[in-house]
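The values are calculated or read from the model by the stated rules, or taken from the named source; none is laboratory data. Model, not experiment: these values are computed from the prediction. Cβ placement follows ideal geometry from the backbone for every residue including glycine, while neighbour counts extend to all protein chains displayed. Note: areas computed on protein heavy atoms with side chains; ligands, DNA, RNA excluded. Shrake-Rupley method; radii C 1.70, N 1.55, O 1.52, S 1.80 Å.
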Amino acid sequence: MPLKSCCIYSIGAFSLVMLIIGISLVLSNVFPNVFQSRVKTEVVLRNGTEAFDAWADPPAPIYMQFYFFNLTNPGEVLDGERPAVVEIGPYTYREYRPMEDVVFHDNGTRVAAVNPKTYIFQRNMSRGPESDLIRTVNIPAMTVMERFKDNKVIANMIAAYMRSSGIGLFTTHTVGELLWGYEDVLLKILKTFMPDLDDIFGLFYKNNASSDGDYMFFTGQQNYKDFARVDTWNGKSSLDWWTSDECNMINGTNGASFHPIISKNAELYMFSSDLCRSLYAVYTNDVTVKGISGYRFVPPFEVFANVTVNPANAGFCVPAGNCLGSGLLNVSLCKQGAPIIMSSPHFYQADEKFVQDVFGMRPKKEEHETAIDINPLTGIILQAAKRMQVNVYVEKIPDFSETGNVRTVVFPVMYLNESVLIDDGSAKKLQMIVVEKNVVENIPFMFIGVGIILGGIFMFLMCRQKVPESTSAERQPLLSS
Ligand SMILES: *[C@@H]1O[C@H](CO)[C@@H](O)[C@H](O)[C@H]1NC(C)=O
Ligand SMILES: *[C@@H]1O[C@H](CO)[C@@H](O)[C@H](O)[C@H]1NC(C)=O
Ligand SMILES: *[C@@H]1O[C@H](CO)[C@@H](O)[C@H](O)[C@H]1NC(C)=O
Ligand SMILES: *[C@@H]1O[C@H](CO)[C@@H](O)[C@H](O)[C@H]1NC(C)=O
Ligand SMILES: *[C@@H]1O[C@H](CO)[C@@H](O)[C@H](O)[C@H]1NC(C)=O
Ligand SMILES: *[C@@H]1O[C@H](CO)[C@@H](O)[C@H](O)[C@H]1NC(C)=O
Ligand SMILES: *[C@@H]1O[C@H](CO)[C@@H](O)[C@H](O)[C@H]1NC(C)=O
């Protein structure tokens, strides 16, 4: 009897100890913290870490898809009608973007690199060959006309040349030429007067197998939040195209890597050299990609909103004070003076006016927004799609009869969708980390669980020991009498 109750009481004591340990582990958050600090020390750009390998040569396949807008009514547009366009695409390229010339600096706290991108055409994932013809606005001609519109003498000479050689406001070229470059007749003539001029024009001319500039990144060794953050680009820590210091800031990573331990209220900053600016994305919803849970981050409406909605965007109005409205960005200064306006595809989230101005624009959230799905523990990208549209600002220029009676319009030329989906190998590795995290995080609950089970056993044994004693004490007299 004493031995038995001693045993029962030690079960009770043990259950209490387990509960106390379990609850204090839960409250102190020790296991998740240990796990997170391990992730923080491993996600660093250091030769030999997995994070470095994935940064230096992304294992997941990246695809760049181009969609062009084919103009169907050029004659009517010159007479002042609304342009009507048909979307044609995709033309898909596999994109390879390894980091090259990687050199560590300052005891491994910063790393210099260039990021050349190579594009290989994928006929089987494209609507047609690169030789498909697209009729669109003549961007070199529009650029030249804008540039000399205030100089009547030169404008008249150029206008005469354009008329004599049949150069108009619209032109037809192949997809390959429009992207990777073609020799332009007008630029070629001008080159005889201006030898510095390049007579090749293409939307992605010189972008194949060449880098977009020299980067210096933080490695994240000192602070995990600095992982892969851009310190300088082409030796400068800010841009000079915009009219406020805030807008000229280079914020965040290059958009291909993010720091680990991301919370739902984080603002993820990234710098995009194609867009000529930095921007940020915020959490919108939970997603599951290949069985791994993640957070979806999307640039909020305010990022591209007009100055009424977001006064900080005044710095993106160039020249100062000349604001184009929500959803549009004048990148002329960063594209060698060409009258290029960036927007989201089909003017998604831009002023309704721009959508109405061109027949054939159908903005859709799912197809046209930029979205990044991230595993919040590791910062690894599960899936992403960066989408943007290249437009040309077209207006009537009196000295050039080629512009006819065209109405002022932001004319869509092409939009791109640069996308990535995590590869199966990386997904499997990430899955294991997630499982390990769940197991580690559940250890305190295991203590509590064992504590509760032992507590139950303890109560049960206590009751069983007490009940027969009391009943026998009461019944015995009854029986004997
Ligand atoms: C990383 O280490 C390997 C082998 O130890 C070496 O060949 C390579 O050059 C190093 N890379 C950098 C960027 O230091
Ligand atoms: C880009 O360059 C690579 C190698 O230099 C070449 O194989 C590929 O065909 C080029 N792509 C385009 C679209 O010109
Ligand atoms: C397209 O062709 C390439 C080889 O050229 C192949 O690797 C790829 O799997 C093909 N894709 C599809 C969707 O058929
Ligand atoms: C684009 O429009 C032009 C002119 O109508 C036509 O010749 C061409 O075939 C169209 N392109 C495609 C890919 O349909
Ligand atoms: C850069 O970040 C700062 C705050 O860190 C912000 O005030 C500024 O607006 C950002 N600039 C851009 C272009 O995103
Ligand atoms: C700015 O955008 C808001 C919302 O899209 C719109 O209501 C407002 O009229 C715009 N303001 C100007 C000046 O365009
Ligand atoms: C775009 O910016 C350039 C350079 O500042 C300027 O000359 C041009 O007029 C602007 N375009 C529009 C449509 O405001």
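Taken over region 298-328, the residue count meeting the criterion of being crowded, with 16+ Cβ neighbours inside 10 Å and within 11 Å of ligand 5 (Cβ to nearest atom) is 6.
The residues of region 277-291 that are surrounded by fewer than 21 Cβ atoms within 10 Å (Cβ to Cβ) and at pLDDT 95 or above, listed by number, are Leu279, Tyr280, Val282, Tyr283, Thr284, Asn285, Asp286, Val287, Thr288, Val289, Lys290.
Sub-9 Å Cβ pairs linking a first residue in region 65-81 that is within 16 Å of ligand 2 (Cβ to nearest atom) to a second residue that is assigned to a strand (DSSP E or B) and at pLDDT below 95, at least 6 apart or interchain, are Gln65/Gly89; Phe66/Gly89; Phe68/Gly89, ordered by first then second residue. Restricted to region 89-145, and to residues there that are within 16 Å of ligand 3 (Cβ to nearest atom) and of a type in the set (S, T, N, Q), the residue that is surrounded by the most Cβ atoms within 10 Å (Cβ to Cβ) is Thr92. Each residue in region 310-345 was checked for being within 16 Å of ligand 6 (Cβ to nearest atom), more than 15 Å from Trp241 (Cβ to Cβ) and not in a loop (DSSP other than H, G, I, E, B), and 3 of them qualify.
Yes/no matrix, rows are residues, columns are (1) part of a strand (DSSP E or B); (2) over 30 Å from Lys236 (Cα atoms); (3) among the aliphatic types (A, V, I, L, M):
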position	(1), (2), (3)
Ile88	yes, yes, yes
Glu95	yes, no, no
Phe104	yes, no, no
Ala112	yes, no, yes
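Look at (1) surrounded by 16 or more Cβ atoms within 10 Å (Cβ to Cβ); (2) free of Cβ contacts under 8 Å to residues at least 40 places away in the same chain and you find that Ala228 fails only one, number (2). Inside region 427-448, residues that are more than 28 Å from Leu19 (Cα to Cα) and not basic (Lys, Arg) make up a count of 4. Figure legend. Inter-residue proximity from region 114-127: first residues at negative phi, second residues of a type in the set (Lys, Arg) and more than 9 Å from ligand 3 (Cβ to nearest atom), beta-carbon distance below 6 Å, spacing 6+ or different chains. Indicated pairs: Asn115/Arg97; Lys117/Arg97.
For region 195-214, the criterion of being open to solvent by less than 30 Å² (accessible area, probe 1.4 Å) and in a strand (DSSP E or B) is met by no residue. Condition check for Ala60 on (1) among the small types (Gly, Ala, Ser); (2) within 16 Å of ligand 4 (Cβ to nearest atom); (3) within 30 Å of Asp214 (Cβ to Cβ): one failure, at (2).
Restricted to region 219-228, and to residues there that are within 19 Å of the chain's Cα centre (by Cα) and not acidic (Asp, Glu), the residue that is nearest to Leu186 (Cα to Cα) is Ala228. If you go through region 211-225 and keep only what is over 23 Å from Ala384 (Cβ atoms) and touching a residue at least 40 places away in the same chain (Cβ under 8 Å), you end up with Asp214, Met216, Gln221, Gln222.
Residue by residue, here is whether (1) in a loop (DSSP other than H, G, I, E, B); (2) charged (D, E, K, R); (3) open to solvent by 50 Å² or more (accessible area, probe 1.4 Å) holds:
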{"residue": "Gln221", "(1), (2), (3)": "yes, no, yes"}
{"residue": "Asn251", "(1), (2), (3)": "yes, no, no"}
{"residue": "Lys264", "(1), (2), (3)": "yes, yes, yes"}
{"residue": "Gly294", "(1), (2), (3)": "no, no, no"}
